[in-house]
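S.K.: For reference, the structure I am asking about is given below.
The values are calculated or read from the model by the stated rules, or taken from the named source; none is laboratory data. Source: prediction; values computed, not measured. Here the Cβ positions follow ideal geometry from the backbone for every residue, glycine too, while neighbour counts run over all protein chains shown.
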Amino acid sequence: MRIRYFCRYPETSMTFTFYKYQGTGNDFILIDNRTLFFSKNDTKLIERLCDRKFGIGADGLILLESHKDADFEMVYYNADGHQSSMCGNGGRCMVAFAKALGIIENKTTFMAIDGMHHALIKDGLIQLKMQDVTRIESGQDFVFLDTGSPHHIQLEKDLDGLDVKAKGAAIRYSKPYKAKGTNVNFVSQISENNFRVRTYERGVEDETLSCGTGVTAVALAMHYQQKTAVHHLTLEVEGGELQVSFTPIDQGYKEVYLIGPATYVFKGIWP
């Protein structure tokens with residue numbers, strides 16, 4: 001009797017070096033693609049690389065490429081293999097990666113899908129400047145805004161007992177977000193300048209240990225809802241701690257910074 005074995009993903013003959021980084025538990029596969037050897041259209045390979053059982057395992061994959069007007073360009077993919085909107089923790093990891101490659105020192109300007117970003121490495125933390133936010137929508141029990149990625153934010157009394165995956169998915173696929181989907185952030189207030197956050201991420205379709213654009217959105221939303229008057233907040237996520245600072249303006253917020261660690265995990269060869 002002949003036995004056949006079936007793989008979830010097609011085999012690939014491509015061999016390349018990859019790097020694994022994480023920012024407060026939000027983990028990424030980083031690839032130096034300045035020679036453009038890696039196909040940006042191979043969604044199946046990207047999905048396989050991010051698969052935690054059949055691949056390397058990650059919340060997303062990011063390519064570092066050359067850019068004529070910046071130090072580098074960041075090309076981000078969700079774990080489902082599709083190119084996505086801005087990733088704050090991924091951006092911070094890319095800054096640490098660019099420094100490790102010798103592309104930058106402690107300051108940088110790089111291009112991402114939502115435009116140019118500036119970043120500074122100081123005291124072991126990456127300070128990433130996010131885009132200005134000029135549009136915020138509020139409902140009866142939620143706030144919605146885009147901090148490079150779309151985010152639905154709502155306060156919850158019991159974060160520990162919350163089924164983030166089930167409740168997050170229900171909101172992510174609900175009628176108001178049916179066209180493009182949204183990330184979903186559940187928040188509880190600890191003090192005037194401290195909030196706890198759990199996030200359901202679209203593209204990963206599950207809870208992640210941290211979301212950079214998510215905590216940025218939470219910080220702005222909490223100030224917008226007058227839950228705090230502080231302009232520099234600490235956000236506790238499942239994977240650690242992040243900070244967000246900002247300056248309120250008449251129509252939104254400027255000088256928005258996402259601040260936190262970005263850690264090298266390991267280097268490997270695929271396949």
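S.K.: Give the residue, chosen from Ile269, Ile249, that is among the β-branched types (Val, Ile, Thr) and in contact with a Phe, Trp or Tyr (Cβ under 9 Å, 6 or more places away or on another chain). Even if it seems obvious, please write down each step before you answer.
M.R.: On the way: Ile249 fails: in contact with a Phe, Trp or Tyr (Cβ under 9 Å, 6 or more places away or on another chain).
Being among the β-branched types (Val, Ile, Thr) and in contact with a Phe, Trp or Tyr (Cβ under 9 Å, 6 or more places away or on another chain) holds for just one of Ile269, Ile249, which is Ile269.
S.K.: What pairs come out if I take residues in region 220-231 that are among the aromatic types (Phe, Trp, Tyr) and pair them with residues that are not in a loop (DSSP other than H, G, I, E, B) whose C-beta lies under 9 Å away, six or more apart or interchain?
M.R.: Every condition considered, the pairs that remain are Tyr224/Ile136; Tyr224/Ser138; Tyr224/Val143; Tyr224/Leu145; Tyr224/Pro248; Tyr224/Gly252; Tyr224/Tyr253.
S.K.: Still on this model: Quick one: would you say Asp123 is in contact with a Gly (Cβ under 6 Å, 6 or more places away or on another chain) and of a type outside the set (Gly, Ala, Ser)?
M.R.: No: the conditions fail for Asp123.
This table checks each residue for (1) touching a Cys at 6+ places or on another chain (Cβ under 7 Å); (2) over 26 Å from Asp32 (Cβ atoms); (3) among the hydrophobic types (A, V, I, L, M, F, W, C).
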| residue | (1), (2), (3) |
| --- | --- |
| Ala219 | no, yes, yes |
| Gln226 | no, yes, no |
| Ala229 | no, yes, yes |
| Glu241 | no, yes, no |
| Phe246 | no, yes, yes |
| Leu258 | no, no, yes |
| Ala262 | yes, no, yes |
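S.K.: Please state which one of Lys254, Lys180 is modelled with pLDDT under 95 and either farther than 17 Å from Gly91 by Cα or in a strand (DSSP E or B) (or both). Before you say what the answer is, go through the steps one by one.
M.R.: Working: Lys254 fails: modelled with pLDDT under 95.
The unique qualifying residue is Lys180.
S.K.: Give just the number: which of (1) surrounded by fewer than 21 Cβ atoms within 10 Å (Cβ to Cβ); (2) among the charged types (D, E, K, R); (3) farther than 20 Å from Phe110 by Cβ does Arg48 not satisfy?
M.R.: (1) is the only condition that Arg48 fails.
S.K.: Shifting gears a bit: Which condition number does Phe54 fail, the rest of (1) modelled with pLDDT under 95; (2) buried (at least 24 other Cβ atoms within 10 Å of the Cβ); (3) among the hydrophobic types (A, V, I, L, M, F, W, C) being met?
M.R.: (2)
S.K.: So which of Arg92, Arg8 is modelled with pLDDT of 95 or more and either among the aliphatic types (A, V, I, L, M) or not in a strand (DSSP E or B) (or both)?
M.R.: Checking each option against the conditions leaves just Arg92.
S.K.: For region 64-74, check the following and say yes or no: at least one residue is modelled with pLDDT under 95 and under 29 Å from Leu145 (Cα atoms).
M.R.: Checked region 64-74: no residue is modelled with pLDDT under 95 and under 29 Å from Leu145 (Cα atoms).
S.K.: So, one more: For the list (1) surrounded by 15 or more Cβ atoms within 10 Å (Cβ to Cβ); (2) within 23 Å of Asp80 (Cβ to Cβ); (3) under 20 Å from the mean Cα position of the chain (by Cα), I need the number of the one condition that Tyr173 fails.
M.R.: It is condition (1) that Tyr173 fails.
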